[in-house]
Amino acid sequence: MSQEGEAPNLISSEQSSNPTDSNQTVRTARKRKGMKPRSDVWDHFTKSADEVGEPKASCKYCEREFCCDPKKNGTTSLRNHITLCKKFPGNMNTTQTQLNYQPIKGQEGDGSGTISIWKFDQEAIRNALARMIIIDELPFKSVEKEGFRHLMSVACPRFHIPSRSTVARDCYQFFLEKRSKLKKFFRHSCQRISLTTDTWSSLQKINYMCLTAHYIDSDWKLHKKILNFCPISSHKGEALGKANEKCLLDWGIDRVFIVTVDNASSNDVAVGYLRRRLINWGSSILQGKFLHVRCVAHIINLVVCDGLKEVEIAIDRFQAAVKYVRSSPARLKLFKKCVENERIKSKSLLCLDVSTRWNSTYLMLKSVEKFEKAFYRFDVEDPFFSGELDSGDVDGIRKPDHEDWEKVRKMATLL
């Protein structure tokens, strides 16, 4: 009796001596409350379990079952099924056409437009995306930006957005197709092609050349296409001629009408080289006598630059005056106040010119001419205007006088 009575006492004493084991037993006895699924894909599926106890997900529309163990399967297969489920109300038949209404450009407000049919086409959208990248000069990485992906998820959720590498390949393929069509047009449908070419050096001291074709199609419309944009070894005439010849051979062009270039001496050698090649090909007109045409815009630029040298001192003075006014917000604010006090009604402001472009010099002189009275008042209001400009009198830089204003008016009219 004593031994049988001692056994329960031993057990109870062991349980009381190990409180940690007792707490673990209580925790395992309690069932942990399951977490609510956070993925939005569960709005379209119902959770269940099979005979073995494996979790299953059943589609609410087609009742197809999928494995959905969170550690083994995840929700990727469920999400892919929703995009392809034919009974899902959000999916439409990709082969079914729909009516599409597009307003006429420039008449969006009056309700006029055209109606056409449309159906989802992954390849067509990819081609349109590549065309957008080319026309708008966007970086390839723009397709991976969050804003673009959100736009496509709202506008066309079924469109699979390609990566930037795929978009780059699409753009190159788009170029190859266009080049193939243009080559075919040059061989069979085009008569004579006129060329313009120019070269320059970058800040990295790399020489580049651009060759452009100008032609008229069967509908008498003038077209301009860049045939080549490539680095060249030097600006020497023979190197330019060989680079142009290689480009013409690549495109299969031999019927050249004229070549328009600027007045650089190296272009004379380059056009002479092309003239000999065209004569050998038997495609020249009058033995290439009128092949070389000098650029009128470049000739006008040379004439204008020589004319600007006659009033170079006056232009430098106005440049210094404009720089002084635009050098700080306080001076610009004071100048605007002078414009208001002189009752000058002009929305334009002072602008500086670029030394390599004479049309920018014209814009500067034209803007300065409007504010002649404002400059006189500014000279009175700002005591440092005359002193700072007259300090450079050694180089001929001082504030503009009456004679300078006369030269500006005449030169602006001439330009």
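Computed from the coordinates by the stated procedures, all read-outs in this text should not be read as laboratory data. Not measured: the values here are computed from a predicted model. Methodologically, a virtual Cβ is constructed for each residue, glycine included, from the backbone with ideal geometry; neighbour enumeration extends over all protein chains shown.
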Alpha carbon centroid spacing (whole Å) that separates segment 312-343 from segment 198-240: 41 Å
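Normalising by the residue count of segment 306-414, find the relative contact order in percent from Cα pairs under 8 Å and 6+ residues apart. Don't skip to the answer; put the middle values down first.
Numbers: 96 pairs, mean separation 37.2, N = 109.
Once divided by the residue count of segment 306-414, the mean separation gives 34 percent.
With a/c under 1.5 counting as rounded, go ahead and sort segment 306-414 into rounded, prolate or oblate using the C-alpha gyration tensor (a ≥ b ≥ c being the square roots of the eigenvalues; past the cut-off, prolate if a/b is larger than b/c, else oblate).
Oblate.
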Added length on full extension, which subtracts the Cα-Cα distance from 0.36 nm per residue, Asp50 to Val154: 33.8 nm
Karplus-derived HN-Hα couplings along segment 127-142 (A = 6.51, B = -1.76, C = 1.60, θ = phi - 60°), whole Hz, x at Gly and Pro: 5, 5, 5, 5, 5, 5, 4, 6, 5, 8, 6, 8, x, 4, 5, 5
Total formal charge among the other residues, if their Cβ is under 13 angstrom from that of Leu363, Lys/Arg +1 and Asp/Glu -1: +1
Cα→Cβ-extended label distance, 7 Å offset, between Phe229 and Asp306, nm: 3.4 nm
Antiparallel DSSP beta bridges within segment 191-294, as percent of all bridges there, nearest 5: 75 percent
Across Lys224/Lys345; Lys183/Lys242; Lys236/Lys410; Lys141/Lys236, pairs whose alpha-carbon gap is larger than 32 Å: Lys224/Lys345; Lys236/Lys410; Lys141/Lys236
Spin-label model distance (nm) - Leu222 vs Ala124, 7 Å beyond Cα toward Cβ: 3.6 nm
Nitroxide proxy distance, nm - points 7 Å out along Cα→Cβ at Arg179 and Ser116: 2.9 nm
